[in-house]
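Worksheet: the structure to be examined is printed underneath.
The values are calculated or read from the model by the stated rules, or taken from the named source; none is laboratory data. This structure is a prediction, so every number in the text was calculated from the model and none was measured. Don't worry about glycine lacking a Cβ; one is built from the backbone with ideal geometry, like all the others, and counts go over all protein chains shown. The protein model used for the area step is the full one, side chains on, heavy atoms only, and it has no ligands, DNA or RNA in it. Shrake-Rupley method; radii C 1.70, N 1.55, O 1.52, S 1.80 Å.
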Amino acid sequence: MVELVKYMVTALVDNKDEVSVTEDGETVRVKVAKDDIGKVIGKQGRIIKAIRSVVKAASVKDGKNYSVEVDE
């Protein structure tokens, strides 16, 4: 799941070197540069909602319920 989220997030941000995606149980934590947080969240949270929807659909295949959190 980490690879999927990292692929999506790195496509969105400018500072690709500062992207960090970790898995903590069933939580996937995303850390990006401070300037790129808005690009990951999107207007009214639409982009992060889309990322969460893709992760939720992919996690059904694993039989788990992953959630995605954006850390500053």
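Please compute the contact order of the chain in relative form: average sequence separation of alpha-carbon pairs under 8 Å and at least six residues apart, divided by the residue count, as a percent. Let's see the in-between values first.
Details: 92 pairs, mean separation 24.6, N = 72.
34 percent.
Using a Gaussian network for the chain with springs between C-alpha atoms less than 10 Å apart, which of these wobbles most: LYS31, LYS49, LYS61?
Among LYS31, LYS49, LYS61, the largest GNM mean-square fluctuation belongs to LYS61.
Suppose all protein chains stay in the model; what accessible area per residue would a 1.4 Å probe give for the chain, in Å²? Working shown, then result.
Numbers: 4770 Å² over 72 residues.
In whole numbers, the chain has 66 Å² accessible per residue.
Running a GNM on the chain with Cα contacts under 10 Å, which residue among ALA58, ALA11, ALA33 ends up with the highest mean-square fluctuation?
Its mean-square fluctuation being the largest, the pick is ALA11.
Can you say what percent of the DSSP beta bridges in the chain, counting only those with both residues inside, are antiparallel? Round to 5. Before the final figure, lay out each step's value.
Values: 5 of 10 bridges.
Around 50 percent of the beta bridges assigned by DSSP in the chain are antiparallel ones.
Along Cα→Cβ, 7 Å out, is where each label goes; now give me the distance between the ones at THR22 and GLU72 in nm to one decimal.
Distance between label points: 1.8 nm.
Can you give the charge dipole size of the chain about its Cα centre, rounded to the nearest 20 debye, using +1 on the beta carbon of Lys and Arg and -1 on the beta carbon of Asp and Glu?
440 debye
Here are labelled values, (i) 0.94; (ii) 0.97; (iii) 1.23, and one is the computed Rg/Rh (Cα atoms, Kirkwood Rh) for what I pasted. Which one?
Answer label, from the structure shown: (i).
Using a simple spin-label model with points 7 Å from Cα along the Cα→Cβ vector, what separation in nm is obtained for GLN44 and LYS56?
Spacing of the two 7 Å Cα→Cβ label points: 1.7 nm.
Could you list which residues have their amide H under 5 Å from that of SER67, counting only those 5 or more apart in sequence or on another chain, with H placed in the peptide plane?
THR27, VAL28
Please turn the phi angles of segment 28-43 into ³J(HN,Hα) values with the Karplus equation 6.51 cos²θ - 1.76 cosθ + 1.60 (θ = phi - 60°), one per residue in order, whole Hz, x for glycine and proline.
Per residue, the Karplus-derived 3J(HN,Hα) values read 9, 9, 10, 10, 10, 5, 4, 6, 9, 4, x, 6, 6, 6, x, 5 Hz.
Once both axes come from the Cα atoms, what is the angle between helix 2-12 and the longest principal axis of the chain, in degrees from 0 to 90, rounded to 10?
It works out to around 30 degrees.
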